[in-house]
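**Student:** This structure is in structure tokens; I'll ask about it shortly.
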Amino acid sequence: MSQSFDVIVIGGGPGGYIAAIRAAQLGFKTACIDEWKNAAGGPAPGGTCTNVGCIPSKALLQSSEHYEQAAHHFADHGIGLKDLSIDVPKMLARKDQVVKQNNDGILYLLKKNKISFFHGRGSFVRAVEGGYEIAVGAETLTGRQVVVATGSSARALPGTPFDEQQILSNDGALRVGAVPKKLGLIGAGVIGLEMGSVWRRLGAEVTVLEGLPTFLGAVDEQIAKEAHKAFTKQGLKIELGVKVGEIKTGKKGVNIAWTNAKGEAQELVVDKLIISIGRVPNTTGLNVEAVGLKLDERGAIVVDAECRTNLPGVWAVGDVVRGPMLAHKAEEEGVAVAERMAGQHGHVNFNTIPWVIYTSPEIAWVGETEQQLKARGAQYKAGTFPFLANGRARALGDTTGMVKFLADAVTDEILGVHIVGPMASELIAEAVVAMEFRASSEDIARICHAHPSLSEATKEAALAVDKRTLNF
Ligand code: FAD
Ligand code: NAI
């Protein structure tokens, strides 16, 4: 006999497992289905984020940052090192252990919340009276409501499939067993910059080929310019406005034919090539045709502003729907959907979703960029403060970058905050809180910030909006 649930969540990434936990907290009998397998074939919930995304990439960014500090910056502190080396297999094993801790933590959370977990692929069978039948392995479950949170996968270049040996997706990029002498990346987006940084710090010669003529087009221009300067100084070769041609693999490596922004033919030969040109929603295998679930031309599930699909009682969240492909966006949607199912007013504020790029310097922002404000003809004031003038940054030995505030010229409401520099990922949280409470730049400027701290740069940038910085 098929098991019945109030809510069945398909996908156990940050969108799915968080939706399941919130649904269970609200009293729904909940199931969560996820197909990800660990190396032994067992369940590995947490999705892209935990297995081949946020968590392992940050583990490698941390390891490689330690190496870079030891190789190039310890000497400034009077610390000498002999025979510095990097054991890549050990670094990867540590990363795998961090991933496993997260997988195990999610399995524990599902159990703690009395969520029935099914390991396998979930697919629609048919609509039935008051719900849907979902097949997983040999079982058929019935759910009154269904949340689809099946995430996304790396987009391949047409004609160049991932072999994960020489042509790598984000998955293979996190499993390179030895530092490549030469590494190529196609796409100077978030993955390109983060993974390019990891392998450059460990000694690879890294070239990034980007199709667009601008660097990090979605980032505030002033911030992107500062970041570009820093990355170039570190030795990352970034070619903009390129057109990638034929890619050939062979014993000697990967050969990439490309034309530069001037239209001149070029050739790049590398040991490994990472292709990071965006991601595609995962809907194959869901058997959407059986129930008539509507997809758009990109294969994403069509949802309204509240994550409702075209089918009653079927919701979709995270990377498989429109909007930024970010773990915290997926989580927020998961919580909001569970609350809506319970008749509550779940809410996701798309204007205050922060972005972070975990390079060094880190890049983080929330709200509108200066170019967006100009494009919509907004009247605004800008204030910036450089980390060079911040005592804590000097003590850390990391003074690259700045904090930038953009505020409404009349009301002073904060419209955007943009940071490039040390710990931008943590500093941005204050800006998110401020914007969520619709604070003015003066509100931040009047708040006491601990000294010496990097957060003083945030306060000073807020003061800079009214041209009254105290330390610059
Ligand atoms: P996913 O995490 O993709 O999870 C979907 C799950 O559903 C997977 O386990 C999949 O196997 C499973 N599934 C799919 N179809 C089925 C099916 N039919 N039946 C059963 N299970 C199924 N975001 C950030 O916010 N911060 C970061 O630092 C960050 N770093 C990243 C680094 C990399 C290298 C990559 C690739 C991504 C990164 N992201 C980051 C993006 C983030 O990983 C995604 O936005 C997030 O994982 C989306 O969550 P999700 O739950 O929608 O989907
Ligand atoms: P992306 O969208 O960030 O960047 C892709 C880049 O590739 C763009 O700059 C694009 O112009 C370029 N491009 C596309 N086609 C090209 C072509 N044919 N030739 C040359 N360049 C081309 O996508 P990416 O880096 O693959 O990451 C996918 C998503 O994963 C991100 O958008 C983000 O949502 C998420 N992510 C988030 C992270 C974070 O929050 N720190 C870290 C890594 C990924």
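The values are calculated or read from the model by the stated rules, or taken from the named source; none is laboratory data. For clarity, every value in this text was computed on a predicted model and none was experimentally measured. In this analysis, Cβ positions are derived from the backbone assuming ideal geometry, glycine residues included, and neighbour counts consider all displayed protein chains. Only protein heavy atoms, including side chains, enter the accessible area calculation; ligands, DNA and RNA are left aside. Shrake-Rupley method; radii C 1.70, N 1.55, O 1.52, S 1.80 Å.
**Student:** Go through the stretch 190-293 and tell me which strands (runs of 3 or more DSSP E), entirely inside it, have 3 or more residues that are open to solvent by 40 Å² or more (accessible area, probe 1.4 Å) and away from ligand 2 (no atom under 15 Å from the Cβ).
**Tutor:** 265-270
**Student:** Does residue 163 satisfy the criteria of being more than 14 Å from ligand 1 (Cβ to nearest atom), open to solvent by 30 Å² or more (accessible area, probe 1.4 Å) and touching a residue at least 12 places away in the same chain (Cβ under 8 Å)?
**Tutor:** yes
**Student:** Here's another thing I want to ask about it. Just checking, does the stretch 75-85 include any residue being of a type in the set (S, T, N, Q), surrounded by fewer than 16 Cβ atoms within 10 Å (Cβ to Cβ) and more than 25 Å from the chain's Cα centre (by Cα)?
**Tutor:** Within the stretch 75-85, one or more residues are of a type in the set (S, T, N, Q), surrounded by fewer than 16 Cβ atoms within 10 Å (Cβ to Cβ) and more than 25 Å from the chain's Cα centre (by Cα).
**Student:** Within the stretch 418-448, can you find the residues that are open to solvent by less than 30 Å² (accessible area, probe 1.4 Å) and not in a helix (DSSP H, G or I)?
**Tutor:** 418, 419, 420, 421, 422, 439, 440
**Student:** Tell me which residues, restricted to the stretch 184-203, are aliphatic (A, V, I, L, M) and either within 15 Å of ligand 1 (Cβ to nearest atom) or free of Cβ contacts under 8 Å to residues at least 60 places away in the same chain (or both).
**Tutor:** 185, 186, 188, 190, 191, 193, 195, 198
**Student:** Across the stretch 365-412, what is the total count of residues that are more than 30 Å from residue 76 (Cβ to Cβ) and in a loop (DSSP other than H, G, I, E, B)?
**Tutor:** 10
**Student:** Can you name every residue in the stretch 134-160 that is over 23 Å from residue 342 (Cβ atoms), open to solvent by 30 Å² or more (accessible area, probe 1.4 Å) and more than 16 Å from ligand 2 (Cβ to nearest atom)?
**Tutor:** Once the filter is applied, which keeps residues that are over 23 Å from residue 342 (Cβ atoms), open to solvent by 30 Å² or more (accessible area, probe 1.4 Å) and more than 16 Å from ligand 2 (Cβ to nearest atom), the stretch 134-160 yields 137, 138, 139, 140.
**Student:** For the condition more than 23 Å from the chain's Cα centre (by Cα) and in the same structural domain as residue 8 (by TED's automatic domain parsing), what is the one hit in 59, 40?
**Tutor:** Among 59, 40, only 40 is more than 23 Å from the chain's Cα centre (by Cα) and in the same structural domain as residue 8 (by TED's automatic domain parsing).
**Student:** So is residue 111 of a type in the set (Lys, Arg), touching a residue at least 60 places away in the same chain (Cβ under 8 Å) and either in the same structural domain as residue 17 (by TED's automatic domain parsing) or outside any helix (DSSP H, G or I) (or both) or not?
**Tutor:** Criteria not met by residue 111.
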